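Below: one structure, written as structure tokens.
The values are calculated or read from the model by the stated rules, or taken from the named source; none is laboratory data. No experiment lies behind these values; they were computed from the predicted model shown. Positions of Cβ are generated from backbone atoms using ideal geometry, with glycine treated the same way; all protein chains shown enter the neighbour counts.
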Amino acid sequence: MSEMRELLELTALELGAAVKKGDVSAEEATRTALEAMEEREGALNCFITRTGEQALERAKSLQARVKEAKSPLYGVPMAFKDNICTRGVKTSCASRILGDFTPPYQATAAERMEAAGCICLGKLNMDEFAMGSTTETSFYGPTRNPWDTKRVPGGSSGGAAAAVAGRECWYALGSDTGGSIRQPASYCGVTGIKPTYGRVSRYGLVAYASSLDQIGPLARSAADCAAVLDVLMGKDPRDSTSLDVPAGGLLASLTGDVRGLKIGLPTGCFGQGLDSQVHRAVLQAADVLKSRGAQLIEFDFPVMEYVVPAYYIIAAAEASSNLSRFDGVKYGWRAEGYEDLADLYCRTRTQGFGTEVKRRILLGTFVLSSGYYDAYYKKALQAKGVIKRAFDEAFRHCDVLLTPVSPTTAPRLGESLSDPLQMYLSDIDTVSVNLAGLPGLSMPCGVDGAGLPIGCQLIGPPLGEAVLLNAAHAFQLETDWHKRSPYGKEAF
Ligand code: GLN
């Protein structure tokens, strides 16, 4: 039993190294994860679909070729958020409307992970169509936070964060449109990174807001995230927004040396509404980096009041357009008992989408409609430009920025959905990063009085993944927040 626990506590890179060395087989690792899932899923509900049988088959075939392993992640079990298309495996986006959708093709991100030797354990729960901050809007029921099952894991990649924190897999792929990797990573005490827009192909990622969406890893350490990004990054001819710039080499570049690194602390991110324990933990993280030679620079960031309204207008507008394809005709679920075509659309969409998704479609259709377009959508695009320029200005004096991820730690189940506006406002520290297309990383940096994880965010300039990961790695060499497990010593 304790051997099992030890295996589950390894980082993905440690497990990959053990598989390569022959200390543990890919099959043993997979069985261990499946047993952990068996034990914990009843309480956590991280997975929408489990593919245990296929995972074991895959592990056997990978094990047979272990000598050919090239990636440090070869043979390591993981899972995908359920909006990343996987050939032959249901991809529901946690929505009723895609409840019977099995993609005939593979997302580029999944294809690349597969080529690196990953073992997929299944598809992870999320807010419906990635809209939400708690994973409570899923058609398949909420995921629960492994640190306290009365709390949400955050969202929308809540299943991914909870599965990694809950030791059901070693890493996961999520997606981030306005914080959906970073915020659940923060609530669950794991490390996650949203790359620069265009770094990772979106081919096969079911679109929420196409100009903001990015795929990225959630894992136990910055080094694990670097290893996953090394696999994922790079130009993809199937996504015209993917960037044709040199990729790879992130893991190899981690030195932990942050001497002379200029870290900006935007005062606007440390204002009203920020929980005092979160505030303290983030400043302590800044001090840790300072003790390793970084320089802290406080500066004014006068655009905070625009970020939430601009984000929720642009994201809803794009969502209303992207989701128009779900009409009960082309694919997915279709309502019964319709009278004509209009009635088919109406019934399918009324019954197929949940409340939050409908709210976004209504809002998005409204801000794009003639007469309101200029007042809302166009204005939001202008605000986006102002926000982008504020970041450009900040990066003239700073190499990275350090902020909270979320103003609070994980709320209780049910607390957020009753007040959607409040929930939107809690995205204040993450959404600006997507609007500006920048890379952002979340890492554990403390716990609050109730023992819940606190995260801090590092924001980098475009293509600044290496500097973010290196700063996080430096922090993780100095601290052990990322090593803490919700199971303490009791599990198994
Ligand atoms: N909470 C934000 C939203 O609901 C972010 C979601 C995301 O990043 N997918 O839009």
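Scanning the stretch 339-361 for residues that are free of Cβ contacts under 8 Å to residues at least 24 places away in the same chain, exposed (fewer than 12 other Cβ atoms within 10 Å of the Cβ) and assigned to a helix (DSSP H, G or I) yields a total of 3. Each residue in the stretch 258-295 was checked for being more than 23 Å from LYS384 (Cβ to Cβ), free of Cβ contacts under 8 Å to residues at least 60 places away in the same chain and of a type outside the set (S, T, N, Q), and 6 of them qualify. In this structure, is ARG96 among the charged types (D, E, K, R), away from the ligand (no atom under 16 Å from the Cβ), in contact (Cβ under 8 Å) with a residue 60 or more places away in the chain and more than 21 Å from ALA315 (Cβ to Cβ)? Answer is yes for this residue. In the stretch 429-438, the qualifying residues are those that are part of a loop (DSSP other than H, G, I, E, B) and away from the ligand (no atom under 11 Å from the Cβ), and the one that is surrounded by the fewest Cβ atoms within 10 Å (Cβ to Cβ) is GLY437. When GLU38 is tested against (1) touching a residue at least 40 places away in the same chain (Cβ under 8 Å); (2) out of contact with any strand residue (DSSP E or B) (no Cβ under 9 Å at 6 or more places or on another chain); (3) more than 28 Å from LEU251 (Cα to Cα); (4) part of a helix (DSSP H, G or I), just one condition goes unmet, and that condition is (1). Could you tell me whether the stretch 456-470 includes any residue that is at pLDDT 95 or above and under 18 Å from GLY158 (Cα atoms)? For the stretch 456-470, residues at pLDDT 95 or above and under 18 Å from GLY158 (Cα atoms): present.
If you filter the stretch 293-338 down to residues that are closer than 30 Å to GLU478 by Cα and buried (at least 17 other Cβ atoms within 10 Å of the Cβ), you find that the one that is nearest to the ligand (Cβ to nearest atom) is PHE301.
Consider the stretch 196-232. How many of its residues are away from the ligand (no atom under 16 Å from the Cβ) and part of a strand (DSSP E or B)? Matching residues across the stretch 196-232 total 1. Taking the conditions (1) in a helix (DSSP H, G or I); (2) over 21 Å from the mean Cα position of the chain (by Cα); (3) crowded, with 24+ Cβ neighbours inside 10 Å in turn, GLY75 satisfies each one other than (1). Scan the stretch 404-427 for residues that are part of a loop (DSSP other than H, G, I, E, B) and within 11 Å of the ligand (Cβ to nearest atom) and the total you get is 4.
Taking the listed residues LYS379, LYS384, LYS388, the one that is within 16 Å of the ligand (Cβ to nearest atom) and either part of a helix (DSSP H, G or I) or under 18 Å from SER211 (Cα atoms) (or both) is LYS384, with no other qualifying.
Checking each residue of the stretch 142-155 against the condition of being within 16 Å of the ligand (Cβ to nearest atom), farther than 16 Å from PRO411 by Cβ and buried (at least 24 other Cβ atoms within 10 Å of the Cβ) gives no match. Scanning the stretch 163-181 for residues that are outside any loop (DSSP other than H, G, I, E, B) and away from the ligand (no atom under 16 Å from the Cβ) yields ALA163, VAL164, ALA165, TYR171. Please verify whether LEU73 is more than 22 Å from TYR311 (Cβ to Cβ) and within 16 Å of the ligand (Cβ to nearest atom), treating the condition exactly as stated. Criteria not met by LEU73.
Under the condition of being basic (Lys, Arg) and within 16 Å of the ligand (Cβ to nearest atom), the residues counted in the stretch 339-373 number 3. Number of residues in the stretch 9-24 that are hydrophobic (A, V, I, L, M, F, W, C), assigned to a helix (DSSP H, G or I) and over 19 Å from LYS60 (Cα atoms) equals 1. For the stretch 103-136, the candidate set comprises residues that are more than 16 Å from the chain's Cα centre (by Cα) and among the β-branched types (Val, Ile, Thr); within that set, the residue that is farthest from PRO486 (Cα to Cα) is THR108. The condition of being of a type outside the set (Val, Ile, Thr) and crowded, with 24+ Cβ neighbours inside 10 Å does not hold for ARG259.
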